[in-house]
Structures are given as C-alpha cells and as structure tokens.
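The values are calculated or read from the model by the stated rules, or taken from the named source; none is laboratory data. Quick caveat, the model's predicted, so the values are computed rather than measured. Methodologically, a virtual Cβ is constructed for each residue, glycine included, from the backbone with ideal geometry; neighbour enumeration extends over all protein chains shown.
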Number of protein chains: 2
Amino acid sequence: MAKAADIYFRVDPWKIIEEGFDPGYSRVSESIFSLANESMGVRGSFDEGGSVDSLRGVYVNGVYDIQPLGRSYRGIIDRTHFMIPAADWLRTEITLDGEKLDLGSVRFRDFHRELDMRAGTLTRSFVWQTASGKELRLTFLRFVDMNHRERAWQRVIFEPLNFSGKVEFAAGLSFDVRHEGYGKCFWQDARAEGFTLQARTTLSEQEVFAGAALNIGGETRFADQTVSHHAALSLEKGKALTADKRVVILFDGSAGEELWQKGLQALADSEQTAFDTALAQQKAYWDAYWRTSDVEIEADGDPYEQQGIRFCSFQLAQIYNGGSMRHNIGAKGLTGEAYNGHAFWDTEACCLPFYLFTNPRAARDLLLYRYNTLPQAMERARMLDCRGACYPLATLNGEEACSLWQHASLQLQPSTAVAYGIWHYAHVTGDQDFLYDYGAEMLLQIARFLASRVEKGGKSGLYGFYGVMGPDEFHMMVNNNAYTNYMGMRTLECAAATLDGLRQARPAAYAGLLEKTKLSEAEIAAWREIAEHMYIPRDETGLIEQHDGYFDLPHTDINAIPVTDFPLYDHWSYDRIYRSDMIKQPDVLMLLYLYNTSFTEAEKRVNYEFYEPRTIHESSLSPAIHSILAAELGKMDEAQRFFGFATRLDLDNYNRNTREGLHVTSIAMAWANIVYGFAGLRSDGDGLRFAPRLPQRWNRLTFSIVYRGRVIKVRMEKDRTAFRLKGEPLEIMIYGKMYRLGNEEVTVES
Amino acid sequence: MAKAADIYFRVDPWKIIEEGFDPGYSRVSESIFSLANESMGVRGSFDEGGSVDSLRGVYVNGVYDIQPLGRSYRGIIDRTHFMIPAADWLRTEITLDGEKLDLGSVRFRDFHRELDMRAGTLTRSFVWQTASGKELRLTFLRFVDMNHRERAWQRVIFEPLNFSGKVEFAAGLSFDVRHEGYGKCFWQDARAEGFTLQARTTLSEQEVFAGAALNIGGETRFADQTVSHHAALSLEKGKALTADKRVVILFDGSAGEELWQKGLQALADSEQTAFDTALAQQKAYWDAYWRTSDVEIEADGDPYEQQGIRFCSFQLAQIYNGGSMRHNIGAKGLTGEAYNGHAFWDTEACCLPFYLFTNPRAARDLLLYRYNTLPQAMERARMLDCRGACYPLATLNGEEACSLWQHASLQLQPSTAVAYGIWHYAHVTGDQDFLYDYGAEMLLQIARFLASRVEKGGKSGLYGFYGVMGPDEFHMMVNNNAYTNYMGMRTLECAAATLDGLRQARPAAYAGLLEKTKLSEAEIAAWREIAEHMYIPRDETGLIEQHDGYFDLPHTDINAIPVTDFPLYDHWSYDRIYRSDMIKQPDVLMLLYLYNTSFTEAEKRVNYEFYEPRTIHESSLSPAIHSILAAELGKMDEAQRFFGFATRLDLDNYNRNTREGLHVTSIAMAWANIVYGFAGLRSDGDGLRFAPRLPQRWNRLTFSIVYRGRVIKVRMEKDRTAFRLKGEPLEIMIYGKMYRLGNEEVTVES
C-alpha cells in the first residue's frame, strides 16, 4: 500500500464539513460536495463562480454530444460521445459597492461548507469583507429534489453585519456552459421566454428545457443563451434577506414545442410547493432512506469509517435508484467530466450486488439497459471481425465511446460482465421471466462473440483469448489472461445451460430464439467444446498466472513509488506502466471474488498472498475486492485497512484525482465490502451464505438486505451475529452450517 | 508466400511502358511514373488533371507542415509534422471547341505512357477525339533536372490530325495544392509577379519560390495562389506545335525577399539553357549513371528482373544521392503522401549498405543527419522517462512524428539502427574521424538511453527490454524480443568499445566528451555489465524465440489468407493482426542479416526454416532479407523467387498499395539483394567476404562496388566469378578462402 490518506474534511458521522477554504483543494471539495437525484447532478461549485479553480459541472443524466474522430484502422471507432454540462441553474452574481463577489479575489472570513447527508442539502456560508469596510454574511443553500426529479432549489441569505444599503443580485439560468476538455459549448439555438429557456446540442440533437422562478422582484434579460433575473436588494443591518430560486430541468427525449409545453407545465406544477416545504420533503425522503438503508458502524474513537460508508451510501442513492432504463451508472456518476459520463463494466461487476440485495427492480433495469443496447453491441462485434455481441467498454448510448483502441478492442470484460450480471441476477432473484425473455438472447450473442474471438493456442492446443487486456489495465495485449479465459469459459457454459433450460421450459420460445438468431445446435455444442478445453494456467499450489509470461516480468517495488507520482498515468511515460509485475487492480483476485465459491480457501490464499503486494490500486475497484478476500482469509487487519481506503477513497483523495469527480464504483464496492467482506455474504453458490467477521476495533455493525421478497436484518457484535427475517422462512448457511430463519431472531456465536 | 504479382506494365529492359489507360489502375501508374532529383519529386499525374482518380503529388524535399494533436498521455507526442505537396508546376488546361481535356470524360485512343530510364524522362501521348469530330494528338514530356536540382521541364506537343484551328491552352504554377489526407491546402500569403510565385506554409513557416517561363506568347493571370499563362494556339493540320515550360523551384531555408531574389536569379540563370539542351544533358547524366552503376542481368526469356532492378536503381538514384544533410530518405521518397514523407530506421538498416558501397560520402551525410538531430532524440528520451537519446521512428526534422504511440514508444529499432549504421559505416570505410567526431557521442547517448530502458527480468535475472515492438510490427508490447535484446547488447558493447578507442587515440577529445555529456566511467562499466548479462532466448538447436511466448501463439496459415485481404491493416480489424504467429517482416531473420557473421550457418538455417513460412511480407523490407538468407543457405529457387518479389514489389503491385507511392526501402534492398544475396558479400566481419551464387536461370550478373578508395567489379557467370580491382591491392575472402586482388583479374570457380 503505497497510498496515503490526505485528510481535509472534518470527521462527523452525518456531515461532510469544510472549515476555511483552501483554494488549492477547490476541485476536490467540489467533487465531494456533489449533489444529484439520478436525473440531474451538480458539483459543489460556488454559485457565484469567480476566479477560484473550478470545474463548473451541472449535468443532466443521459445528455451527451458527439465528436467525430476521423477514420483510422478497422475496428477503431470513428466517433465518440460524451456527457456535456447542461443548464447551469446556479449562476449567481452579487455586487456590493461596485465590488463583485469572487472568493478568488475578495476578503472573507468564517468560511464554512457542509453537506448534510440526513437533509440532502449543501450549505455554504462566510462573511464577505468589502474594500469599503462592509461585512455581509452570505449563506448559500442548494438541493436537487429527490421527490420530483425535474426540480432543484437554490437559496441565498444576505445578512449585513455592519451596514444597511443596496446589494446588486442577479440569478441566472444558462446554456452558455463549456465542456472543459473540449473547451467549448455544445448548446445552440436557445429559445427564451421570461425565466425559461430551451436549447439543443450540436450533433446528438438532444433538447433540454430549463425554467425557474424567484421570490423577489426584478427584471429578466436574455443574452448568450442565458436568462438572468436582476434585482437591487435593500438590506437592513442585522436582518436576513432570503432569495429563493425554484428550478425545473426537463429532459425526456422529446423536443421542440412538445418539450417546451411539458416544461412550462412542470414549472407551473412546482409552484404548488413552497421552498421550505420542498426542503422538509427532501429531509423526509432522506430520513426514510436512512431508516431502511443505513449501515451503522459502532466503533471506539472517531466515526471515520461511519462517515465514509454513509458518504458512499448517500452518493450511491443519489446517482442511481432505478426506474429509467435510459440511465446507467457513470464511472464518475454526475460529479465530473472525467470518463465522459460513461458507464463501464463496473456496473455489472461492482454495482449490481448492491441493487440485487437492496432494490432488485433497479438491478433488472440496469440489465434491461444492456438488452436495449444489444443491437449496438452486435454492430461492435462486426466492427471487430467477430460475430455476436461485444459490449462497449465505455458508453452512454450503447455504442462504444472509448477512443483508446487498446482498451476498447482488447477488453472482453464488458461482455463477460454483462453475462455474469445476467446469471447473478437470475441466480439470486430466481427471475426466470427475465432470464428467458431477455437474458437468454444476450447470453447467446455474447457466447457467439466469445466463440468467434477465442483461438487454439500453439503448444497447449487448448483454447484461450490472445491479444487481450484483462481487468489489470497495466498489462496490454497479453495472452491467456486467466480472468478472460475463465470468464469466457463460464459465459459459454452459462449460455449453453440457459438455452438448455429454455428449450425444456419454453420450447416455442426456444425455437423462436434460434430462428431469430440463426443459431444451430452445433454452435451450442461448439461453445461447450471450447469451455471444456479452455486453458486456465495454474500451478500445483493453485497459484494462477495472471497471463502468459506474467511471472517472468521485472519486479516493481510499489512501496518505493513516491506518492507524488500518482496518478501514474499523469506522471509516468505511458508505455512505462506496462513493463513490470505492478498490477493496477485485481485481475486474478477479481475472479476469486466473482466466482468465489468455485475456488478453495487454499487457492484464494495463495493467490491473494501473491498478488496483493503487487497491486497499486490505481482503480477504485481495487481496495474493496482486497478487503473482502482478506476478511475471508482471516486477515482482519488488512481487511479493515482496505475498507478504510475503499469507503474514504474520495473523502481522503487517496488516488489524488478526486478533483476530477467521485469514484462512483468504489461507492458500490464499499457497500459490498461490508456485506461480502465483514458479513461474509456469498451469493454465487447455492442459496445465501454468511460468515460474519467483525473488525477488531468495531463494536457493532448493522445492516439489512432483501432476498426474494424477504428482508434479512443482520446485527454483528463482538462475539455474535443476530439474523432477523421478515417474510417467508428461509434456510441460509452461516459459517458453513445451515440455519433456518423463521419468526425468531437467530443468533450465531462468532 | 500468399502474394501474387499483378502484371500491368510492358516488360522492357530500359523502359516502363503503359499501353492503353486503365482508370482503375491510375494511382498505381502515377506512383510508378514518379520522377525526382532528390530536391523535388513528382508523381506521374496527368498534367491536365481532370476527373481521373489521382493523387496529384508535386513535392519539394524537406517541405512539411505541422499538425497539433492535442495532449494525451505522457510520452505521446502532441504534434506531428508531415510532407505537404508544394508548387504544382505541371498544371495545364487545354480546351478545344469548348470541350475541356479530361481523360476521365473525353474520348481518346492510342494512349501510351513511358518512363525512359536511360533518358530520365516521362512521356505520354494519345489522340483526343472531340465531340466535334476533331482528332488532336497530344504528347506530354516532363523531367526534373538532375544537373540543376532546382529546375524542372515540361513540354506539350499538339498535332492536329484532321483539322486546322485554335486550341486554348493555359500553363500554370500553383500553391493551391491540397494535402489529400488532411483535405486542405497548407500554403498561404502567396506573392506573385509575372510567372513567379512565392508562398509560406502555415505552422512550420517554410517558404518556397516557384518561377517559370514559356516559349509561347500569351497573358499571365494570378488568382487563388496560382499564376497561369493563357494562350490561344493556332494549329495547322498535320503540323506539330510545341509548348515548352522551364521551371525553377527553390527551397533552401531562406525566406522573404532573400528567397525571392535568389529565385529570380535562378530563373534568370536557367535562361541560358534551351529545352533541348537540358534534355540532352539529362540524358548525359543518366548515361553516366548507368555506365558506373548499372546492374546487368543476362538471363533467358523476358528481361523481367532486369527491368525490376533497373527500375529500383533509377528510383534510388532519383531520391537520394547525398550532398544535403537536410535530406533523409522517406519511406515513399517523394512519390506519395503515405508515411508523410517520413524517414524510418530503414535508412540505416536497409539503405545504408547501398551508399556504403557506391557513394560512401552520401552514407556519411545520412549519419550526419542523425548527428544534427541528436538534440531532438535526447528530448524524446526525456519524454519517455529515459536518459540519453531515443531516435524517432518517423521524422522529417528529427522530432518524433509518429502519432501511433504503440510504434513511437515501443520500437527501439531506430536507436539501435543508428548505432548499427555508425558502426557499420566506420567498420567498412575505416573513417575514424567521423567515428570520434560524431559517432562516439551518438553511440554514447544511445547506450545511455538503452541502459535506462532495460530491466532485469523476473525469473532469469538477466537483462532484457520489456514492453517493446520488434521489427515485426504484428506483435506489440512484447517482452525480450530477441532482436531488440541482441541489438541492445551489441550497441552497448560498441559504445563502450568506441569510447575505449577514443580514450586511447585522443585522450583530450575523450575527456571533453565525458565532460560535455557528464558521463562517468562507472556508467560505461554498467553498459558492459548489462551487455554481458543480456537475455537472448535460444534453444539447443539455435532456434531463437522471437519474443517471450511467441512459440505458444496460435498458428495462422498465411497461405489461406485471400489476396484481397491485403493490405491487412485495411481489411482486418486492427487488433486481429496481433493475435497469432503471423509475422509482418523479418525480426529474428533481420538480426541474422545485420550481424550475419556472428551466427553459424546451422543457426541461420534453423531460424530461416522456422520463420520464413510464418512471414507475410507486409513490409517492403521483407522479401530481400529472405532472399539474401535463402541464397546463403543454398536455397536458390527461393532466393530467386524473393528477389523477383523485391525488385518488382511496386512494378507488380505485390502489396496492393503501390497506389500510395513507391516502397523506396525495397529499392535499396533490391540492390542489397544482389550484392549480399547473389554475390554473397558480407561486410560485418573482418574485411570483405564474397560467396557468389548465380541463380539457375541467369547467365551473367555484373556490378561494381567501391571500397576504401578502390573499385571492385564483379562479373558472375554460370561456372565462375571474375573480380577486377581498380586501386591499391586488397585481400578479400571468396567462398571462405583469402584471395589477393591486384592488377590482374581474379577468377574463382563456383
């Protein structure tokens, strides 16, 4: 572990607090103070903007534009798409005695910013000390509405401490927003009327409506794709004046007059709700969330991990909670432009378990997103001279958007992860309808892709995948990556077995699917043949070689890398990261996590002990996987250390790139870390298995999961764990022994 | 050998002849009919342009522009440069009865085009049959002046066959020339006066002067960066009318008024020479060339190979003959925009021997080009987190211009080839001054680069290069590529030995160099240590594994690839070419060619027999290397088959990409093919060695080489070879036995 925490925010069980403003940390803070409600998201940027270092990110889920890339080699994409900032509803200008508020240049004191995870609000306050000697306390409050996903709210409170007089105030709504990486605005043809606005993206031709209303008088102007409401506010010494702004942002695939009318209606609907009512309802939403979904950690000392896991839980609930098959989970959610808003295979490999055990309907919706984009995946396979469906590494709309061919063309992980997700979902929920109506077709096309991509090796004569990049992205163009081969084998087996099941259960549907996909039984037999003869390199101790030749690579002492070298992509010559045994993120270990019950404890131990010291965790996936395996192997100190890392990856800026946005995947993996790691849940074998192992310095850990219509509440204490069930009786395995959960709480000594 | 000849041109010992015009073959013909004089070059495009498929390439050596690429990862270039078309001096418009001459749309007969390699001219003639029933024979003649490198000449002959009357004629000079790939013109701010013109490139800010004069009256106009001379010619039935154009193109690094005045002067100077005089002098130049440099092949049947080798010889003499250290040898010379006019390591690895044994001064100039660009190579090493000098894969100005990081960052070939070139040059010529004044410093910086790039492997504990791409570009990011390791070893040894030699021969210069480069003796010792412990993977039979894991790769039957799949880069998904044992070009075999006398015949045989059937020759380097080794191993049929391929690679469009320009490297290798292959010259051991092996169906092969002030003429016949020497006596080895060449011809039975 060469990485260290960079502790900046105050530790608090329910809040993230910044006291005093560090301009050098500004972008990290912006990421941490992000708010979202799945439909829209906003970074914690200052309302008034100014000259502080900032990525002014105001996003609408699913809004993107397109960039042509020019033609290069076959199979390399010639255009990409990327999330763009949308209507900026926070734009604010405040001027006092001709001095414009800009925390990059004015004097101020008592800066305080806090994210309240119980209220779902972000508040910022400070005292502005003007050159003319006036002191004005300003408080900014904002939230995005969890109850009405098209609404957002902003409040500014003015408290003159030592004067009475006028302050100039302008509240804006703007499509004049620049994508930082491209350095340009992708919005055009803005239509404005009063405090409403509608605009269209350039090449994707999406339209977004934005409207607002203020509780103060003034005058509205339109220029540069921006409407702004100007007022001169009369302040009285010692008295607070409050400016409230109610905002509607609408994006539903419609356009033109239809969208405009819908937007006006939504704005009119929002008038029924007063600001304070909306604020109370927001709190009520989050109260309800925490009542059912809180993970409580009782430990001695600072609530460091409690804050960490709550921050993760809060962000995850903000970013996706199901209900729209148009949404997936971006690597950075709606918290920054790095990774272009794209969803990766992290969705199935890392996020899905959270939804499987808290909100299975949302898990199904995530998989239906993949079904809806099956045509794009099939087109992608054709581009790569293959058959079937190759799911994209990075996407918003189902097309491959990763412009780095070495990732887009060499990683088979997205396809095998979708297959794993389908299997895992059906295995845990028992949802045969989904499996046969949608899953079978996806599995079939993925299997077909893999069978067209696999090759017979030279010496072994076995099958394997050549020229790939496994989950460990620090090794490129490798052969027989164990993860890829194993996942390929299981996917082929699963596809064949699912089609078998379909044939028996629904012969007509089976025949229809074969007809639709022109699949022959011989093709299915070929998949089985490949799966049976897949090369999985492991030695007599069970140690799996990550890929051909991995053991012969030069060794890098990862502890000798200075922390200032991170992220390595920014500080090392690109080709340099590929030349040693340093691993970016779990590869063999990822396999042991996903198909955990298919490997013996001895196999897990030998591989963990070999690979862990070689892993640099330059991916947010990494620490939680390690923590889960460490816990299983009884390495509780390590498990706890990796857990801290996982839950606080962004809060403590471990990877030194939180400035670009939050690592949303680590948020989901932090939950998995607790449920799979410390509670020892295993969901890839028969039924559910638990093996609770409370970390030494914790006193109690409490959480719930849902399972096939039931709720299982788990309360882990020092010497015992209690399981309480709501719903039909259920047999589960605890520490390798079967228990029947019924009406009574079951307590097992640890 | 999955490739086949596509024979289109008439076989003739001295000419390339096209009878009848095939529009589908237009670009191939344009490439074949290229003319150049090192300073400028022009493809065989139709003077009148028109709607036929064409790459209108008119180039000036060293003229390029720059394209910013945007920042990506460290070590990946953020701008590139590329050859652009310059002043088009051939622009011609002919209109008869309102019908504009355009061979893409008008009727014509008796099309004949020929490149005369004895005269250095390109002639084209045909009879234009207008819609109005007129028949006009047109003959176009052009040449670029070998005696005055800034001059070019164009002649148009009009012969009305069945009418008398007017024809409209316009002769132009234009900087309105588009780079095809970028689809734009890179010239700006043209200044015009009469029939002269000067313009500047956009970002590289180079300036070129162009001026012309015609032998007919008319009117000159300037528009769109183009001057054109318009005339209405009165033709008389049965009589020929000749329009001659004398052109000066000047590019010497100067700009503005200075260049303008020099240009005017050069144009005035050219007035002294009449068109027919220049034509006669051109013929005289080529007569002289062929007298000293012709390679004569006497064989039964068609002069198929004679034409091939003469075409190579002619093109090579056009493209580089020394005298300017600003010029190197572009992969396509001045015959097309593919490869952007860039020079590669082919210069040292493939072209240098031709110059070493025909024009050693030119060889020295090529190496001085590398010395002059040492600062750029050192900057490049720094970009890659290394020390010393890393020579660019592709360049015009010394900076890395290859925008494919996988080639630019992973190929160490350019650096080791420069080192090899320095060593080979000094070894053959004995030029110690060059070695100590320039070579030592380059060797030092290259060795330093390699020592900072090499790593100690995992299991073997030996040194090797990881994450590289060897000469075989179909395998990327491999470890312990045998070629790279071996070349690295020899380079380190050579650098250390050269510095040793310098210390003994010139202690002060040695001390100065150490001071200048901050080199310690410990660093030199470290190079020796690395070289002594370099990993060269070979088995007990001497078979060298191309790189770690190569023997385990899936097999591709290269004979099963349809010829329509070539070039593979255009027809296969990019990642697909990297997944098997298919080899693009010699890799292990390249090593056996360069350090030929360091390997036993048994080693060469086992490696040749293993690698040859796996090589697809998707590089123009490939066939000649194979031919040379085949000849050495007594596989004369194969040697001859590969020779045909090498000399006629472009004439018969073997790689199906001659349309993009000529493979200039194959031109040099075709010469090497004869001298190293059939005459069995070896220059990497002590002294010179020959082992003549005349191909079965040849009767005689004659050529000369120069060596340390001497000329050795070699005449190979069926049963014997005669060596005749001009100059000081010399001992050479023939068939493994020493002979002393003196005044008398030495004849050795074969």
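Taking the range A:483-498, which residues are surrounded by fewer than 24 Cβ atoms within 10 Å (Cβ to Cβ) and either free of Cβ contacts under 8 Å to residues at least 12 places away in the same chain or aliphatic (A, V, I, L, M) (or both)?
Across the range A:483-498, the qualifying residues are A:MET489, A:ALA496, A:ALA497.
For A:TYR289, only one of the following conditions fails: (1) under 30 Å from A:ALA394 (Cβ atoms); (2) part of a helix (DSSP H, G or I); (3) touching a Lys or Arg at 6+ places or on another chain (Cβ under 8 Å). What is its number?
The number of the failed condition is (3).
Do you know which of the residues in the range A:600-610 that are out of contact with any Gly (no Cβ under 8 Å at 6 or more places or on another chain) and away from chain B (no Cβ under 14 Å) is farthest from B:ASP385 (Cα to Cα)?
Top of the filtered list is A:GLU601.
So that you can scan it fast, the table gives a plain yes or no per residue for (1) touching a helix residue (DSSP H, G or I) at 6+ places or on another chain (Cβ under 9 Å); (2) modelled with pLDDT under 95:
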| site | (1), (2) |
| --- | --- |
| A:THR597 | no, no |
| A:VAL606 | no, no |
| A:ARG614 | yes, no |
| A:GLY634 | no, no |
| A:GLN640 | yes, yes |
| A:ASP652 | yes, yes |
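Only strands (runs of 3 or more DSSP E) wholly contained in the range A:40-118 count here; list those with 3 or more residues that are crowded, with 17+ Cβ neighbours inside 10 Å and not assigned by TED's automatic domain parsing to the domain that holds A:ARG142.
Answer list for the range A:40-118: none.
Run B:ASP539 past the list (1) of a type outside the set (Phe, Trp, Tyr); (2) surrounded by fewer than 18 Cβ atoms within 10 Å (Cβ to Cβ); (3) away from every other protein chain (no Cβ under 14 Å) and report the number of the one that doesn't hold.
(3)
Between a first residue in the range A:120-135 that is in the same structural domain as A:GLU38 (by TED's automatic domain parsing) and a second residue that is modelled with pLDDT of 95 or more and hydroxyl-bearing (Ser, Thr, Tyr), which pairs have beta carbons less than 6 Å apart while being 6 or more apart in sequence or on different chains?
These pairs meet every condition: A:SER125/A:THR139.
Matching residues to (1) touching a residue at least 60 places away in the same chain (Cβ under 8 Å); (2) touching a Gly at 6+ places or on another chain (Cβ under 8 Å); (3) more than 19 Å from B:LEU393 (Cα to Cα):
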residue: B:GLN67; (1), (2), (3): yes, no, no
residue: B:GLY70; (1), (2), (3): no, no, yes
residue: B:ARG74; (1), (2), (3): yes, no, no
residue: B:THR80; (1), (2), (3): yes, no, no
residue: B:MET83; (1), (2), (3): yes, yes, no
residue: B:GLU93; (1), (2), (3): yes, yes, yes
residue: B:GLY98; (1), (2), (3): no, no, yes
residue: B:VAL106; (1), (2), (3): no, no, yes
residue: B:ASP110; (1), (2), (3): no, no, yes
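I'm told B:VAL711 meets every condition in (1) in contact (Cβ under 8 Å) with a residue 24 or more places away in the chain; (2) in a strand (DSSP E or B) except one. Can you identify the failing condition by its number?
B:VAL711 satisfies every listed condition except (1).
Is there a residue in the range B:543-561 that is among the hydrophobic types (A, V, I, L, M, F, W, C), more than 14 Å from every other protein chain (Cβ to nearest Cβ) and assigned to a helix (DSSP H, G or I)?
Within the range B:543-561, one or more residues are among the hydrophobic types (A, V, I, L, M, F, W, C), more than 14 Å from every other protein chain (Cβ to nearest Cβ) and assigned to a helix (DSSP H, G or I).
In the range A:574-591, which residue that is in a helix (DSSP H, G or I) and within 14 Å of chain B (Cβ to nearest Cβ) is surrounded by the fewest Cβ atoms within 10 Å (Cβ to Cβ)?
A:TYR574
Among what's in the range B:652-691 and is part of a loop (DSSP other than H, G, I, E, B) and among the small types (Gly, Ala, Ser), pick the residue that is nearest to B:GLN318 (Cα to Cα).
Of everything passing the filter in the range B:652-691, B:GLY661 is nearest to B:GLN318 (Cα to Cα).
Tell me, please, whether a residue that is of a type in the set (Val, Ile, Thr), outside any loop (DSSP other than H, G, I, E, B), away from every other protein chain (no Cβ under 14 Å) and under 29 Å from A:GLY709 (Cα atoms) can be found in the range A:339-348.
Within the range A:339-348 (the criterion being of a type in the set (Val, Ile, Thr), outside any loop (DSSP other than H, G, I, E, B), away from every other protein chain (no Cβ under 14 Å) and under 29 Å from A:GLY709 (Cα atoms)), the answer is yes, since at least one residue qualifies.
How do the pairs read when you match residues in the range B:547-574 that are farther than 30 Å from A:LEU553 by Cα with residues anywhere that are hydrophobic (A, V, I, L, M, F, W, C), using Cβ under 6 Å and keeping only pairs 6 or more apart or on different chains?
B:ILE558/B:ALA2; B:ILE558/B:MET582; B:ILE558/B:ILE616; B:ASN559/B:ALA2; B:ILE561/B:ALA2; B:VAL563/B:ALA4; B:LEU568/B:ILE577
Return the only residue of B:SER228, B:SER204 being in a strand (DSSP E or B), among the polar types (S, T, N, Q) and either touching a residue at least 60 places away in the same chain (Cβ under 8 Å) or in the same structural domain as B:VAL60 (by TED's automatic domain parsing) (or both).
B:SER228
For the range B:95-106, how many residues are under 35 Å from the mean Cα position of the chain (by Cα) and either charged (D, E, K, R) or within 20 Å of B:LEU173 (Cβ to Cβ) (or both)?
Going through the range B:95-106 one residue at a time, the tally reaches 2.
Could you figure out which of (1) touching a Leu at 6+ places or on another chain (Cβ under 9 Å); (2) more than 16 Å from A:HIS342 (Cα to Cα); (3) more than 12 Å from every other protein chain (Cβ to nearest Cβ); (4) hydrophobic (A, V, I, L, M, F, W, C) isn't true of A:VAL418?
(2)
Can you pull out the residues in the range A:732-750 that are assigned to a strand (DSSP E or B) and either assigned by TED's automatic domain parsing to the domain that holds A:ARG361 or surrounded by 12 or more Cβ atoms within 10 Å (Cβ to Cβ) (or both)?
A:ILE732, A:MET733, A:ILE734, A:TYR739, A:LEU741, A:VAL746, A:THR747, A:VAL748, listed by residue number.
So which of B:GLY333, B:GLY322 ends up being buried (at least 24 other Cβ atoms within 10 Å of the Cβ), modelled with pLDDT under 95, on the phi > 0 side of the Ramachandran plot and away from chain A (no Cβ under 14 Å)?
Checking each option against the conditions leaves just B:GLY333.
Counting only residues that are more than 12 Å from chain B (Cβ to nearest Cβ) and surrounded by 24 or more Cβ atoms within 10 Å (Cβ to Cβ), which one in the range A:472-481 is farthest from the chain's Cα centre (by Cα)?
Step by step, filter the range A:472-481, then rank; the result is A:ASN481.
Name every residue in the range B:449-471 that is in contact (Cβ under 8 Å) with a residue 24 or more places away in the chain, surrounded by fewer than 24 Cβ atoms within 10 Å (Cβ to Cβ) and either outside the structural domain of B:TYR569 (by TED's automatic domain parsing) or not in a loop (DSSP other than H, G, I, E, B) (or both), in order of residue number.
If the condition is that a residue be in contact (Cβ under 8 Å) with a residue 24 or more places away in the chain, surrounded by fewer than 24 Cβ atoms within 10 Å (Cβ to Cβ) and either outside the structural domain of B:TYR569 (by TED's automatic domain parsing) or not in a loop (DSSP other than H, G, I, E, B) (or both), then B:ALA451, B:SER452 are the ones that fit.
Listed here are the residues, each with its yes/no results for (1) within 29 Å of the chain's Cα centre (by Cα); (2) of a type in the set (S, T, N, Q); (3) modelled with pLDDT of 90 or more.
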position: B:VAL248; (1), (2), (3): yes, no, yes
position: B:GLN265; (1), (2), (3): no, yes, yes
position: B:TRP286; (1), (2), (3): yes, no, yes
position: B:ASP300; (1), (2), (3): no, no, no
position: B:GLN306; (1), (2), (3): yes, yes, yes
position: B:PHE314; (1), (2), (3): yes, no, yes
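What are the residues in the range A:398-415 that are within 14 Å of chain B (Cβ to nearest Cβ) and under 22 Å from A:VAL63 (Cβ atoms), if any?
Answer for the range A:398-415, where residues must be within 14 Å of chain B (Cβ to nearest Cβ) and under 22 Å from A:VAL63 (Cβ atoms): A:GLU400, A:CYS402, A:SER403.
Out of the residues in the range A:499-523 meeting the condition of being among the aliphatic types (A, V, I, L, M) and more than 17 Å from A:GLN445 (Cα to Cα), tell me which one is surrounded by the fewest Cβ atoms within 10 Å (Cβ to Cβ).
A:ALA508
Looking at the range B:368-397, which of the residues that are touching a Gly at 6+ places or on another chain (Cβ under 6 Å) and either assigned to a helix (DSSP H, G or I) or within 14 Å of another protein chain (Cβ to nearest Cβ) (or both) is farthest from B:LEU621 (Cα to Cα)?
B:MET383
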